[in-house]
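Read-outs: derived from the displayed coordinates by stated rules, not from any lab. Keep in mind that what you see is a predicted model, and the values were worked out from it rather than measured. Neighbour counts are summed over all protein chains in view; Cβ atoms, including those assigned to glycine, are modelled from backbone coordinates with ideal geometry.
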Amino acid sequence: MASLFGFLRKVCSLGFALLFALAGAVSSPAAVAQGGLVPENELAYPYSDGAAFCQGITADGAYFYGTGCIKYLNYNAIVKIDAATGEIVKYNDMCLPAEVVKKGYSHLGDCAYDDGRIYAACEAFFFKNPAIMVFDAETLDFIEYHVLPEEGQGNGHIPWVCVRDDMIYYTQARQVDEVRMLRLCDFTYMGAIRLDRTVTKITGGDVLDGTLYLSSDEGADEKTTWAVDLATGETTAAFVRNMGNAFTEAEGLSILQSADGVRFCYLDVAFASRTMIRTYTLEQ
């Protein structure tokens, strides 16, 4: 089944890529219109490969990990990418076990790396009992899943998760006025942080030094990254990236800290054409 979907992915995406290329829907490198991000690198993949990671991105320094889905085909995938070369070194197509799919789970969102595991947001077809799927980062094999506690489910949407300091953070996708939290060790609901404004179309998030950065797909050419003070809930526009056209979606976000500094890693998708991993450094 995995190989069949891999084949169908390639065949279908070629047609879509041609269609949108003829329509002029080709993405240009995302310029920074506001804030202190400095473009560093872009890895671009044809949608025949990029469909498998068109939703989420995370990193451990040596590798990027991406998650993707085609909801109405119950296709979900996770990939592993060499961060130095950009080579996709491992796929796990149809990565959710049959018994999980039978429960209605159909949409992997953005993901997070922590201690050898990948945690991926996952919505059910009718937005009931959203869950977090857990995979082994070495093999990409499915390990387990955890349904969100009822008090932390909200409207059933969970587009992204991040893991920092033994806490899982997440929000719903639209009309976001709070950040919800789970304790990593046992997935106990730990309450919510109220924002001082409402933001929407949130597709990814990660934490750096007490600030949660939220990637939003709201708008046409320009996409905002919001900064949320986790102590106060104060929410401000940190960065604005100009995608070059209105056909490119802002998806996952991962922040990577290393001896070389801090990198913001964004996943952008030029609709049915290309999937791009774009990295930025912070101005000193």
### Task
Quick one: go through the stretch 204-228 and flag any residue whose amide nitrogen is under 12 Å from the point 7 Å out along the Cα-to-Cβ line of residue 167.
207-212
### Task
Give the cross-link partners of residue 90 among the aspartates and glutamates, using a straight C-alpha distance below 17 Å as the criterion and excluding same-chain residues fewer than 8 apart.
49, 60, 82, 136, 138, 141
## Note on the structure
Largest fluctuation, 255, 70, 57 only, Gaussian network model of the chain with Cα springs under 10 angstrom, belongs to 70
## Note on the structure
Nearest-0.05 FRET efficiency for residue 281 and residue 127 at R0 = 41 Å, using Cβ-Cβ distance, is 0.65
### Message
Taking 0.36 nm per residue of sequence separation and subtracting the Cα-Cα distance, how much length would be gained by fully extending the chain between residue 196 and residue 221, in nm to one decimal?
### Response
6.4 nm
### Task
Convert each backbone phi in the stretch 121-130 into a coupling constant with the Karplus relation 6.51 cos²θ - 1.76 cosθ + 1.60 (shift: θ = phi - 60°), then list the ³J(HN,Hα) values in order as whole Hz, x for Gly and Pro.
5, 8, 9, 8, 4, 9, 6, 10, 6, x
#### Entry: In Hz, Karplus ³J(HN,Hα) per residue of the stretch 58-63 (6.51, -1.76, 1.60; θ = phi - 60°; x = Gly, Pro)
8, 8, 10, x, 8, 9
#### Entry: Two-site label geometry, residue 139 and residue 73: point separation in nm, points 7 Å out along Cα→Cβ
2.6
## Note on the structure
Between the modelled labels at residue 245 and residue 189 (7 Å from Cα along Cα→Cβ) the distance in nm is 4.3
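Taking R0 as 30 Å, what's the FRET efficiency between residue 87 and residue 115 from their Cβ-Cβ distance, rounded to 0.05?
0.75
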### Task
Loop only per DSSP, at most 15 neighbouring Cβ atoms within 10 Å: give me the GluC sites (Glu not before Pro) in the stretch 201-271, ordered by residue number.
218, 234
### Summary
A correct fewest-to-most ranking of 146, 157, 107 by other Cβ atoms within 10 Å would be 146, 157, 107
### Task
Once you've got the GNM for the chain with C-alpha springs shorter than 10 Å, pick whichever of 178, 151, 40 has the biggest mean-square fluctuation.
151
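For 115, 217, what ranking results if the residue with the fewest other Cβ atoms within 10 Å of its Cβ goes first?
In order of increasing Cβ crowding within 10 Å: 115, 217.
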### Query
Can you run phi through the Karplus equation (6.51, -1.76, 1.60; θ = phi - 60°) for the stretch 181-188 and list ³J(HN,Hα) in whole Hz, with x for Gly and Pro?
9, 10, 7, 4, 5, 9, 6, 6
### Query
Reachable lysines from residue 201, Cα under 20 Å, same-chain residues fewer than 8 places away excluded?
71, 128, 223
